[in-house]
Every structure is written in structure tokens, then in C-alpha cells.
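Shown next, in C-alpha cells, is the structure this report addresses.
Please treat every number below as a calculation from the coordinates, not as lab data. In this text the structure is predicted, and so the values were computed from the model without any measurement. Reconstructed Cβ throughout: ideal geometry from the backbone, glycine too, with neighbour counts over all protein chains shown.
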Amino acid sequence: MKKIAFFGGTFDPVHVGHLAIAERLLEMFDLDEFVFIPAFHAPHKPDRPPTSAFHRYAMLCLATEDVDRIKVSPLEVEKGEKRYTIDTLSELREQFPDDRIFFVMGGDSWMDIKTWREWEKVLTITDHIVVSRPGYDLNIDHVGSEISERIVDLRGLKATAGRLEKGCHIYLTDAVEMDISATELRIDLSDGKLDLTTMLSPKVAKYVEKYDLYT
Ligand code: ATP
């Protein structure tokens, strides 16, 4: 049985915060693979067209190409339409029936989880890893007592310390604390305020410049 983490998001663009999560969780959960799944759909902003899924996919491939265990999945991009997490997780469950699947999300997504389609089922068909995010409190009250019984709080720990339990659980970790947001990054880039290389991997920074993506 392999342990595989899937990290869904827009990744517009992938930044060093996303990459730190991948590297840290690989070690902490002793994962066989960590897979980014870029969404087809980018949130539409009134002032600019959404960044093409192909560009976002390409940047993820460039950012991860040197690490064998970190991959990018075309699953959602190939569908060519907006997908719900429940559909993606059901498909992954079928594709990897014998493996242990972890779905990764940041603390902001966790606090919004009840707005997700079939959110209770989402939290039941795979394991989840919730990574705390500066500026967002990681509460557990909003999900109710039945789900909170399956929460394993690893905050304050640098390793899982034998606390990976059987069955689908929700693991909370603060092992990565990076105050970075793709939205703020895009704003700074379009204002010409940011040195590209501080928040992006060098190959992604070069790609953003070459294709003039956020100016
Ligand atoms: P935005 O600022 O536009 O919300 P983002 O930086 O959150 O963008 P997304 O592609 O929307 O990037 O995020 C994908 C996933 O990564 C989400 O689950 C989000 O919560 C998580 N995430 C992103 N940045 C961080 C961070 N600094 N710490 C923890 N989780 C993060």
C-alpha cells in the first residue's frame, strides 16, 4: 500500500508556500508521492482574464521537475470544466483502491469546508491533511461532533509520532507556517512591486516573465 497526498488548488501561480507544504508533508507523513492537482477553473477577476489552466499546469511541472516524488496530475485540467472536490476524490478512490489517499488543504479552505458540495462525504472517503495558514484560526467546532471525533491534532509536532490511525482521519498540522498568498502575489506582480524570485521557484519566475503573465 502506497501513501499518496493530493493537493488541489488554483495555483495561480504555484508559489514557495505550496512547495514548502509538498516537501514538508512528504517527510512528515512518509509519503510515497505528493501530487498537485491544478483546477481547470481559475477564479474570474473582473479586472483580468483568468490565467489559462495550461500555464498554471506548466508552472507546476517546472516547479516540481527536480523532485521525483512530487508530481502534477492533469486529472482536472483534462476535464475542461469546473470540478467539485467530491468528484475528483471519488475518481481517485477508484483509481487507487489499495492505496492510502490524503487530500491536502490550507487552513482557509478548512474553515470554508461546509460550503463544499457534499462536504461530509469529502471528509469521509479519504484522509485529509489540514495545514495551518498564518492569519486563519484552525477551529474544529464548525464541523460538528461526529467529524471532530476523527480529527488528529498534530500541531506542535514535527513528525506524526506514530499517530497515523486506521480509517479516514483529518490531520491538523502547523509544520509549515508561510504567510504567502497567490492573490497578493499577483497584485504585487502587476504593480511591479515584487522581485519575482523571492516567492517563486526560479524556473517559474522565468516562465512568468517570458509569457508576461501577471503584468
Ligand atoms: P489565494 O491567495 O488566491 O487564495 P492561494 O495562495 O491560497 O491563493 P490556491 O491555489 O488558491 O493558492 O491554494 C491551493 C491550496 O493551498 C488551498 O487549500 C490553500 O488553502 C492552500 N494554501 C495556499 N497558500 C498557503 C499557505 N501559505 N499556507 C497554507 N496553505 C496554503
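Can you find a residue that is within 13 Å of the ligand (Cβ to nearest atom) and touching a Gly at 6+ places or on another chain (Cβ under 9 Å) anywhere in segment 192-213? Looking for residues that are within 13 Å of the ligand (Cβ to nearest atom) and touching a Gly at 6+ places or on another chain (Cβ under 9 Å), one finds at least one in segment 192-213, hence yes. Residues of segment 107-134 that are in a helix (DSSP H, G or I) and near the ligand (Cβ under 9 Å from one of its atoms): G107, D108, S109, W110. In segment 17-31, of all residues being in contact (Cβ under 8 Å) with a residue 40 or more places away in the chain and surrounded by fewer than 18 Cβ atoms within 10 Å (Cβ to Cβ), the one that is farthest from K82 (Cα to Cα) corresponds to D30.
For segment 140-162, the criterion of being hydroxyl-bearing (S, T, Y), over 21 Å from D32 (Cα atoms) and within 16 Å of the ligand (Cβ to nearest atom) is satisfied by no residue at all. Among the residues of segment 122-140, those that are surrounded by 13 or more Cβ atoms within 10 Å (Cβ to Cβ), touching a helix residue (DSSP H, G or I) at 6+ places or on another chain (Cβ under 9 Å) and of a type outside the set (S, T, Y) comprise V122, L123, I125, H128, I129, V130, V131, R133, L138, I140. Inclusion of K206 among residues that are under 21 Å from A22 (Cβ atoms) and over 21 Å from the mean Cα position of the chain (by Cα) is warranted. Under the condition of being touching a His at 6+ places or on another chain (Cβ under 8 Å) and either among the aliphatic types (A, V, I, L, M) or more than 14 Å from Y171 (Cα to Cα) (or both), which residue from segment 141-157 is surrounded by the fewest Cβ atoms within 10 Å (Cβ to Cβ)? Checked segment 141-157; the qualifying residue surrounded by the fewest Cβ atoms within 10 Å (Cβ to Cβ) is V152. Restricting attention to segment 91-105, the residues that are over 20 Å from K79 (Cβ atoms) and over 20 Å from the mean Cα position of the chain (by Cα) total 2.
Just to be sure before I move on: is L92 farther than 16 Å from H18 by Cβ and either charged (D, E, K, R) or in contact with a Phe, Trp or Tyr (Cβ under 8 Å, 6 or more places away or on another chain) (or both) in the structure I sent? Taking the combined requirement at face value, the residue satisfies it. For segment 109-121, a tally of residues being β-branched (V, I, T) and crowded, with 19+ Cβ neighbours inside 10 Å returns 1.
Can you say whether V104 is within 13 Å of the ligand (Cβ to nearest atom), β-branched (V, I, T) and over 24 Å from I125 (Cα atoms), as far as the supplied structure shows? Considered against the rule, which asks whether it is within 13 Å of the ligand (Cβ to nearest atom), β-branched (V, I, T) and over 24 Å from I125 (Cα atoms), V104 comes out as no. With respect to being in contact with a helix residue (DSSP H, G or I) (Cβ under 9 Å, 6 or more places away or on another chain), farther than 22 Å from M28 by Cα and either not in a loop (DSSP other than H, G, I, E, B) or not polar (S, T, N, Q) (or both), V143 fits the description.
Within segment 163-189, residues that are more than 15 Å from V16 (Cβ to Cβ) reach partners that are of a type in the set (K, R) and within 14 Å of the ligand (Cβ to nearest atom) with beta carbons closer than 6 Å, at six or more positions or on different chains, in the pairs L172/R155; D174/R155; A175/R24.
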